[in-house]
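Novice: This structure is in structure tokens; I'll ask about it shortly.
The values are calculated or read from the model by the stated rules, or taken from the named source; none is laboratory data. Quantities reported herein were computed from a predicted structural model and do not represent experimental measurements. Heads up, the Cβs are rebuilt from the backbone with ideal geometry, glycines too, and the neighbour counts pull from every protein chain shown.
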Amino acid sequence: MSKLTLIEHKSFVRSLVYCLVVLTGLHIAVTVVFADSIMQSVSPPLAKLFYLDHENNIPAFFNMLLLLIVAAISYFIYVFSKKNGEPTFHWLFICLVFLFLAIDETISIHERVNLLIYNKGWRSDGFFKFLWIVPYVLFALVFLLVSFRLLKSLPRKTRNGFVLAGTVYVLGAAGFEMIGGKIIDTYGMDNVLYLTSATLEEVLEMTGLIIFIHYQLDYLDMKLGAR
């Protein structure tokens, strides 16, 4: 049963990777074909549908789906651990965090936070042009502190995988968002540098989530195999 589960989870993760590759390819294609329109912020419908830096399109839906998958697997591990009398708080916490991030991806809570901060009269530029990064990075640190005990208790392979996934995700979500802010302040949005930064931001986010899903399922497979 464990071997079958392992094969199934690897096939599932491989399918997610294929989806990401296809979406990235379509993004690059519409970026090349409609480069002038995109850089002038007047993207045609086809470009809006596949351009990674737009909201409420196919890549954004895929990103939201990945976040929901992480939340669902975390909840399953929470239920499984609870039945076995193991500590469960961390898995429930992870589930709720990624559920919030999925909602954020859908209704752009971080953009509303940014607008709220601007309306309070707070402004910044350069790497901190998008001020929503500050509260989100602080929350990421809290998330790391809360999850530290869980990380210590995990097998080395799982722990290293989770750390890798988190590093890739934060590098995209916060790191390249900050780089994008600096590029906008220096050169504006109508240039190849910003297009490249925005692409790397979204691809790294989704890559980090897929890595996390892989190691979550691998960990769950180990737990099921140990029953």
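Novice: Please work out if Val146 is assigned to a helix (DSSP H, G or I), within 22 Å of Thr207 (Cβ to Cβ) and either touching a strand residue (DSSP E or B) at 6+ places or on another chain (Cβ under 7 Å) or not polar (S, T, N, Q) (or both). Talk me through it step by step, then tell me what you get.
Specialist: Numbers: assigned to a helix (DSSP H, G or I): yes; within 22 Å of Thr207 (Cβ to Cβ): no; either touching a strand residue (DSSP E or B) at 6+ places or on another chain (Cβ under 7 Å) or not polar (S, T, N, Q) (or both): yes.
It is false that Val146 is assigned to a helix (DSSP H, G or I), within 22 Å of Thr207 (Cβ to Cβ) and either touching a strand residue (DSSP E or B) at 6+ places or on another chain (Cβ under 7 Å) or not polar (S, T, N, Q) (or both).
Novice: Considering (1) at pLDDT 90 or above; (2) closer than 21 Å to Ile184 by Cα; (3) among the β-branched types (Val, Ile, Thr), say which one Ile133 fails and leave the rest.
Specialist: Failed condition: (1).
Novice: Scan the range 68-83 and report the pairs whose first residue is modelled with pLDDT under 95 and whose second residue is of a type in the set (Asp, Glu), with Cβ atoms within less than 9 Å and a gap of 6+ or a chain change.
Specialist: Phe80/Glu86
Novice: Condition (residue is buried (at least 21 other Cβ atoms within 10 Å of the Cβ) and more than 29 Å from Ser37 (Cβ to Cβ)) applied to the range 189-208: is it met by at least one residue?
Specialist: Yes, the range 189-208 has at least one match.
Novice: On the given criteria, is Lys120 in contact with a Gly (Cβ under 8 Å, 6 or more places away or on another chain) and of a type in the set (Lys, Arg)? Let's see the steps before the verdict.
Specialist: Numbers: in contact with a Gly (Cβ under 8 Å, 6 or more places away or on another chain): no; of a type in the set (Lys, Arg): yes.
So Lys120 does not fit the description; no.
Novice: Something else about it: Scan the range 108-130 for residues that are over 20 Å from Asp185 (Cα atoms) and either touching a Leu at 6+ places or on another chain (Cβ under 6 Å) or among the basic types (Lys, Arg) (or both) and jot them down.
Specialist: Arg112, Lys120
Novice: Looking at Leu164, is it surrounded by fewer than 19 Cβ atoms within 10 Å (Cβ to Cβ), of a type in the set (A, V, I, L, M, F, W, C), touching a helix residue (DSSP H, G or I) at 6+ places or on another chain (Cβ under 8 Å) and at pLDDT 95 or above?
Specialist: Working: surrounded by fewer than 19 Cβ atoms within 10 Å (Cβ to Cβ): yes; of a type in the set (A, V, I, L, M, F, W, C): yes; touching a helix residue (DSSP H, G or I) at 6+ places or on another chain (Cβ under 8 Å): yes; at pLDDT 95 or above: yes.
In short, yes.
Novice: Out of Phe130, Phe212, I need the residue that is crowded, with 16+ Cβ neighbours inside 10 Å, among the aromatic types (Phe, Trp, Tyr), touching a helix residue (DSSP H, G or I) at 6+ places or on another chain (Cβ under 7 Å) and more than 19 Å from Leu68 (Cα to Cα). Which one?
Specialist: Details: Phe212 fails: more than 19 Å from Leu68 (Cα to Cα).
Testing whether each residue is crowded, with 16+ Cβ neighbours inside 10 Å, among the aromatic types (Phe, Trp, Tyr), touching a helix residue (DSSP H, G or I) at 6+ places or on another chain (Cβ under 7 Å) and more than 19 Å from Leu68 (Cα to Cα) leaves just Phe130.
Novice: Let me ask something else about it. Would you check if there is a residue in the range 141-161 being more than 18 Å from the chain's Cα centre (by Cα) and on the phi > 0 side of the Ramachandran plot?
Specialist: No - not one qualifying residue is present in the range 141-161.
Novice: While we're looking at this one, here's another question. Considering the range 119-147 alone, what residues qualify as being closer than 28 Å to Leu96 by Cβ and in contact (Cβ under 8 Å) with a residue 24 or more places away in the chain?
Specialist: Within the range 119-147, Phe128, Phe130, Ile133, Tyr136, Val137, Ala140, Phe143, Val146, Ser147 qualify.
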